[in-house]
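One structure is given below, encoded as structure tokens.
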Amino acid sequence: MHNKELMPVIIKKYPHQGLPPIEFNTFELGEFPSRWAININQQTSNKWNGFFDYLGDKSLSQDYAHQDIMYYPGMNSTAPYRNYGGPLTRYVVKNYAPIPLNKEISFIGSVTDKYVKRGNGFVTFQLASYDDNNVLLQKHWRTFMLPSTQSDREHYVESNEKNTSIEDENILEKLEEMKLICDQNRFNDIEGPGESTAHTNLNMAKARGMPNTTAQACISIAVINRYLTKQFGNKFLTNGFYDIKLIKPTFAGETMRCNGALIKNSDQESLCKLTIETDDKRLVTIGYGGIEQRD
């Protein structure tokens, strides 16, 4: 029987403790031994929504949190490791029930896939979240490109990972744009006090070859989530999904513009092509999402 520990919802949980960043060979396939739980109150939900200018809030009941609030619990599920040694490249979500406020939510973290693509090592982490009656609320998967050696990769075949892009065929409707300015104050608020990263420290960003500080991945994820919440309402909370790739960074001072094109629509299923680009038309996030029929 696993004992559950409570963790914060929207901040990083552990100091470095001298542990190195997570690499390709840090974890094997399978569940993590630790079991964690969170309790989201209204204040925490409001703070999280404030990071994203309360986008999509009018489409959400006051009894629930936006599904994207599970981002940091997922990132923290690798505790006591807290830093990833490479970029988040793909994020996949399946929603099964609304995320309740003021109730314990438990979750199980695991590594579900390790593969090689174009000579780089990738690891996929899953988070499965449950309410206090053990009802599944959400599953999401985060894939990172992590440092690896040739010997680390030699036992893995090249991936045939599906592309998340969708052709512009059979567009039924172009959906209204949603936008968010990526300013430095937003980056600082999300990262939290005492964190010095390429999101908050210009010198660190430039040392990585970036012209400015970079937006956190959760900004793209939250914008996509709220875009679909606004489009599909309650159905998105119980039958919603999205699959996105983060292909280029967004920098401080730029505006994210999220657009969708409806390419399938029925009472049971809907599918949208999704893009986020900057004002200069640089594509930073691509993918698809919508509503799916489940047994």
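Values as computed for the structure displayed
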| item | result |
| --- | --- |
| Output for region 171-192, where each listed residue is outside any loop (DSSP other than H, G, I, E, B) and not aliphatic (A, V, I, L, M) | GLU173, LYS174, LYS179, CYS182, GLN184, ASN185, ARG186, PHE187, ASN188, ASP189, GLU191 |
| Failed item in (1) in contact (Cβ under 8 Å) with a residue 24 or more places away in the chain; (2) closer than 21 Å to PRO8 by Cα; (3) out of contact with any helix residue (DSSP H, G or I) (no Cβ under 8 Å at 6 or more places or on another chain); (4) aliphatic (A, V, I, L, M), with VAL111 passing the rest | (2) |
| Test: THR238 is within 21 Å of LEU172 (Cβ to Cβ), hydroxyl-bearing (Ser, Thr, Tyr) and modelled with pLDDT of 95 or more | no |
| Unique residue being buried (at least 16 other Cβ atoms within 10 Å of the Cβ), at pLDDT 95 or above and not hydrophobic (A, V, I, L, M, F, W, C) when the list is ASP131, ASP152 | ASP131 |
| Residue among ALA222, ALA205 that alone is within 18 Å of the chain's Cα centre (by Cα), crowded, with 17+ Cβ neighbours inside 10 Å and in a helix (DSSP H, G or I) | ALA222 |
| Tally, over region 67-87, of residues that are under 17 Å from PRO8 (Cβ atoms) and either among the hydrophobic types (A, V, I, L, M, F, W, C) or buried (at least 17 other Cβ atoms within 10 Å of the Cβ) (or both) | 14 |
| LEU137 vs. criteria among the aliphatic types (A, V, I, L, M), within 17 Å of the chain's Cα centre (by Cα), over 27 Å from LYS248 (Cβ atoms) and crowded, with 19+ Cβ neighbours inside 10 Å | yes |
| From THR112, THR89, THR78, THR124, residue being in a loop (DSSP other than H, G, I, E, B) and not assigned by TED's automatic domain parsing to the domain that holds ILE286 | THR78 |
| TYR242 being outside the structural domain of GLN67 (by TED's automatic domain parsing), in contact with a Cys (Cβ under 8 Å, 6 or more places away or on another chain) and under 26 Å from PRO98 (Cα atoms) | no |
| Test: residue in region 271-289 that is out of contact with any strand residue (DSSP E or B) (no Cβ under 9 Å at 6 or more places or on another chain), farther than 20 Å from THR89 by Cα and not basic (Lys, Arg) | no |
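Yes/no matrix, rows are residues, columns are (1) farther than 21 Å from GLY290 by Cβ; (2) in contact with a strand residue (DSSP E or B) (Cβ under 7 Å, 6 or more places away or on another chain):
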residue: PRO147; (1), (2): yes, no
residue: TYR156; (1), (2): yes, yes
residue: GLU176; (1), (2): no, no
residue: CYS182; (1), (2): yes, yes
residue: ASN212; (1), (2): yes, yes
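The values are calculated or read from the model by the stated rules, or taken from the named source; none is laboratory data. Please read all numbers here as calculations on a predicted model, not as lab measurements. So basically every Cβ, Gly included, is an ideal-geometry build from the backbone, and we count neighbours across all protein chains shown.
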